[in-house]
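This report concerns only the one structure given below.
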Amino acid sequence: MDLILLGPPGSGKGTQAQMIIERYHIPQISTGDILRAAWKEGTALGIEAKRHMDQGNLVPDEVVVGIVRERLKASDCSGGFILDGFPRTLPQAEALDITLQEMERGIDHVISIEANKDELIRRLTGRRTCRNCGIMYHITFDPSQSEGICDKCGGELYQRDDDREKPIRARLQVYEKQTAPLIEYYRKKGLLRSIDGVGEIKVIFQRIIDAIEE
Ligand code: AMP
C-alpha cells in the first residue's frame, strides 16, 4: 500500500505514521527527518537544508525529489510506504507521479489530516522532539515521564528551532500557499481521503483506518 500523509505542520502526520507502520508494516519516509539527519551528520546537503528549515521555508524541490527518488528504490519500500511531509509542492507531486510510473506503481490513498490554526500553533509550540530517535512529545498534552528525557530511548528532548512561534507562522503560511493546493490535485485524481485531525490520537487513527479500508 502506497500512502501519502498530507496536512499542515502539527496536524499529527508523524504520530499517525508511527501507528500506520505498526499496523501495516510499511516504512515511513519523512523528508523532514531525512533532512534533520543529514544536518546532524554535518553533510553539505544537511547544512544547506537547515538554512531553509530554520526560516520555516521549504528546501528546494530538486533536493527533496532526489532524496525521495533514491529512498523509494530501497528494498523495504517494495510492499508499500508512507510518505510523510512529501510532496509539499505541485512540482514535487508531479515528480513523484513520474517516479512511481517508472517504477510501475502508484499512490493508493492520500490521507489529508485537517486541524484549525489555533490548535496547530498550540501543538507546535509545546512540541519536544527526541534528539536520538525523533519521537515527539507535547509539554502539556503528551509529556514524557521524566522531564526532558525520552521514555522510549532515554535521549534528550529538545525544541526544534522551527518549532518556535516565528518559524511556525512562516511554516503555516508556506503550507497554505504551496502545499494546500495538493488537496485539490489529489481530489481530482480520486485519491483524497480527508480526516478530522482533532481529538484523541487513537480516534484519529481509527478514522484513518476506516478511510483506507472502506
Ligand atoms: P517537517 O519535519 O515535515 O515538518 O519538515 C521540517 C522542514 O523540513 C520543513 O519546514 C522544510 O523546511 C523541510 N522539508 C521537509 N520536507 C520537505 C519537502 N517535501 N519539501 C521542501 N522542504 C521540506
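The values are calculated or read from the model by the stated rules, or taken from the named source; none is laboratory data. Predicted, not measured: the structure shown is a model, and the values here were computed from it. Here the Cβ is made from the backbone with ideal geometry for all residues, glycine too, and neighbour counts use every protein chain on show.
Brief remarks on what is shown
Residue by residue, here is whether (1) touching a residue at least 40 places away in the same chain (Cβ under 8 Å); (2) of a type outside the set (Phe, Trp, Tyr); (3) outside any helix (DSSP H, G or I) holds:
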site	(1), (2), (3)
GLN16	yes, yes, no
ILE34	no, yes, no
GLY42	no, yes, yes
ILE47	no, yes, no
VAL63	no, yes, no
PRO91	no, yes, no
GLU94	no, yes, no
LEU100	yes, yes, no
SER112	yes, yes, yes
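- Options ARG160, ARG127, ARG164; residue that is within 14 Å of the ligand (Cβ to nearest atom), charged (D, E, K, R) and more than 20 Å from ILE34 (Cβ to Cβ): ARG164
- Residue match in the range 164-171 (condition: in a loop (DSSP other than H, G, I, E, B), out of contact with any Cys (no Cβ under 7 Å at 6 or more places or on another chain), of a type outside the set (A, V, I, L, M, F, W, C) and surrounded by 14 or more Cβ atoms within 10 Å (Cβ to Cβ)): yes
- The range 172-201, residues that are outside any strand (DSSP E or B), charged (D, E, K, R) and at pLDDT 95 or above: GLU176, LYS177, GLU184, ARG187, LYS188, LYS189
- Evaluating LEU6 against the criteria (1) more than 19 Å from LEU172 (Cα to Cα); (2) at pLDDT 95 or above; (3) more than 10 Å from the ligand (Cβ to nearest atom) leaves one unmet condition, (1).
- Condition broken by GLY106, with the remaining ones in (1) closer than 19 Å to THR129 by Cβ; (2) small (Gly, Ala, Ser); (3) surrounded by fewer than 20 Cβ atoms within 10 Å (Cβ to Cβ) satisfied: (1)
- Scanning the range 164-192 for residues that are within 16 Å of the chain's Cα centre (by Cα) and under 22 Å from MET1 (Cα atoms) returns LEU182, ILE183.
- A single entry from GLN18, GLN28, GLN92 fulfils the requirement of being away from the ligand (no atom under 13 Å from the Cβ), closer than 29 Å to VAL198 by Cβ, among the polar types (S, T, N, Q) and out of contact with any Pro (no Cβ under 9 Å at 6 or more places or on another chain): GLN18.
- For the range 65-89, the tally of residues that are more than 10 Å from the ligand (Cβ to nearest atom), closer than 23 Å to ALA44 by Cα and in a loop (DSSP other than H, G, I, E, B) stands at 2.
- Selection within the range 48-60: residues that are surrounded by 18 or more Cβ atoms within 10 Å (Cβ to Cβ) and either among the small types (Gly, Ala, Ser) or within 16 Å of the chain's Cα centre (by Cα) (or both). The member of this set that is farthest from HIS25 (Cα to Cα) is GLY56.
- When the residues of the range 120-159 are filtered to those that are of a type outside the set (Val, Ile, Thr) and assigned to a helix (DSSP H, G or I), the one that is surrounded by the fewest Cβ atoms within 10 Å (Cβ to Cβ) is ARG122.
- Test: residue in the range 16-23 that is buried (at least 19 other Cβ atoms within 10 Å of the Cβ), over 14 Å from ARG88 (Cα atoms) and of a type in the set (Gly, Ala, Ser): yes
Okay, residues lined up against (1) under 16 Å from the mean Cα position of the chain (by Cα); (2) over 17 Å from ASP163 (Cα atoms); (3) not β-branched (Val, Ile, Thr):
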residue	(1), (2), (3)
LEU35	yes, no, yes
ALA74	no, yes, yes
SER78	no, yes, yes
VAL110	yes, yes, no
ASP118	no, no, yes
